[in-house]
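The values are calculated or read from the model by the stated rules, or taken from the named source; none is laboratory data. As the structure is a prediction and not an experimental result, all values here were calculated from the model. As a convention, Cβ positions derive from the backbone with ideal geometry for all residues, glycine included, and neighbour counts pool all protein chains shown.
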């Protein structure tokens, strides 16, 4: 596994929730959006364990709806619990990244 | 509002739209998931459908199934199994009862048929030993239970591999398993002594008992499929 995908594993839940918060999406659409967001080395299937976990925790819910291209698709929505969880993770993430950025940048200068 | 049964039916039709290569990989994945008996049937059928939809759309965009399953499809399947909920006991119990009744019912029919036809050709005992029969039924049920578990294990070992030699080995093992269990059952009919009361049962009574058991089996199966409606 590449370093990037190892680092991502922990925050993938938050990435998925962030996309779903923006707009309800179905499985394939979600995997494309993740790739377009600059995470191309995640295999497309990676989202399904994440989606199962998030649904189990009540962070997202699903609904069958007609898609613009025709057939019925299962769309995912962010729940209130999901919004709170996303908020929590985002805060934690910015705390960590600030500290890590400082550390790593300082290392570069020395 | 689809039931697990409807999902399976829909899956059978949609799967035909996959290309030969994608279908091969998807069907290995499907069998791997369906032979995992601990996970909830409805949820896993729903997931199988989601992934099939995904594959079909990826296929339209010129991608093959490995972009979804990654380079280690078996590990991926295990990851999904770990994320799926376990089947609830109240669904498992009626299912098992239904299967057992069905098996016993068919057994009664065959036995009754033997009682009806065989006396024209050979002499057969007129009565059966109740203790011996119940003992044998228990042994057959236990053998069926372990047989299914081992058989599923064998099937799963042939998935996600193109190794023809290994598949042939598995066929041999499955054959030995079938023959072996039959031999064990035969051995028990031979060594198990008669005990308990002797009863004389007319051939038509077997048919009636068999019929009641099959009806009960269908009934418990029906109750089961109705309680399984989720959403």
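Observations, loosely collected:
- Residue A:98 meets each of the listed conditions (1) within 17 Å of the chain's Cα centre (by Cα); (2) more than 14 Å from chain B (Cβ to nearest Cβ); (3) more than 30 Å from residue B:40 (Cα to Cα); (4) surrounded by fewer than 13 Cβ atoms within 10 Å (Cβ to Cβ) apart from (1).
- Residues of region A:48-71 that are more than 9 Å from every other protein chain (Cβ to nearest Cβ) and farther than 16 Å from residue B:43 by Cα: A:59, A:65, A:66, A:67, A:68, A:70.
- Within region B:147-177, the set of residues being in contact with a helix residue (DSSP H, G or I) (Cβ under 8 Å, 6 or more places away or on another chain) and free of Cβ contacts under 8 Å to residues at least 60 places away in the same chain comprises B:147, B:150, B:151, B:154, B:157, B:158, B:161, B:166, B:170, B:173, B:174, B:177.
- Options B:57, B:10, B:21; residue that is in contact with a helix residue (DSSP H, G or I) (Cβ under 8 Å, 6 or more places away or on another chain), farther than 16 Å from residue A:28 by Cβ and modelled with pLDDT under 95: B:10
- Count - residues of region A:36-47 that are at the interface with another protein chain (Cβ under 10 Å from one of its Cβ atoms) and over 20 Å from residue B:80 (Cα atoms): 0
- Per the conditions (1) touching a strand residue (DSSP E or B) at 6+ places or on another chain (Cβ under 7 Å); (2) more than 10 Å from chain A (Cβ to nearest Cβ), the sole criterion not satisfied by residue B:59 is (1).
- Among the candidates B:87, B:36, B:41, the residue that is under 22 Å from residue B:155 (Cα atoms), surrounded by 14 or more Cβ atoms within 10 Å (Cβ to Cβ), in contact with a strand residue (DSSP E or B) (Cβ under 8 Å, 6 or more places away or on another chain) and away from every other protein chain (no Cβ under 13 Å) is uniquely B:87.
- Helices (runs of 4 or more DSSP H) wholly inside region A:1-65 containing at least 2 residues that are closer than 21 Å to residue B:40 by Cα, within 13 Å of the chain's Cα centre (by Cα) and touching a residue at least 24 places away in the same chain (Cβ under 8 Å): A:47-56
- Against the numbered list (1) surrounded by 16 or more Cβ atoms within 10 Å (Cβ to Cβ); (2) within 14 Å of chain A (Cβ to nearest Cβ); (3) without any contact (Cβ under 8 Å) to a residue 60 or more places away in the chain, residue B:73 comes up short only at (3).
- Matching option when the condition is at pLDDT 85 or above and away from chain B (no Cβ under 14 Å), among A:103, A:30: A:103
- The one condition from (1) within 23 Å of the chain's Cα centre (by Cα); (2) within 24 Å of residue A:32 (Cα to Cα); (3) surrounded by fewer than 19 Cβ atoms within 10 Å (Cβ to Cβ); (4) within 12 Å of chain A (Cβ to nearest Cβ) that residue B:48 does not meet is (3).
- Every residue from region B:175-213 that is surrounded by 11 or more Cβ atoms within 10 Å (Cβ to Cβ), more than 24 Å from residue B:109 (Cβ to Cβ) and modelled with pLDDT under 90: B:195
- Test for residue B:68: is it without any contact (Cβ under 8 Å) to a residue 40 or more places away in the chain and surrounded by 17 or more Cβ atoms within 10 Å (Cβ to Cβ): yes
- Any hit, region A:74-88, residues being surrounded by fewer than 13 Cβ atoms within 10 Å (Cβ to Cβ), without any contact (Cβ under 8 Å) to a residue 12 or more places away in the chain, more than 13 Å from the chain's Cα centre (by Cα) and within 13 Å of chain B (Cβ to nearest Cβ): no
- Residues satisfying the stated conditions in region A:47-82, i.e. modelled with pLDDT under 90 and closer than 19 Å to residue A:5 by Cβ: none
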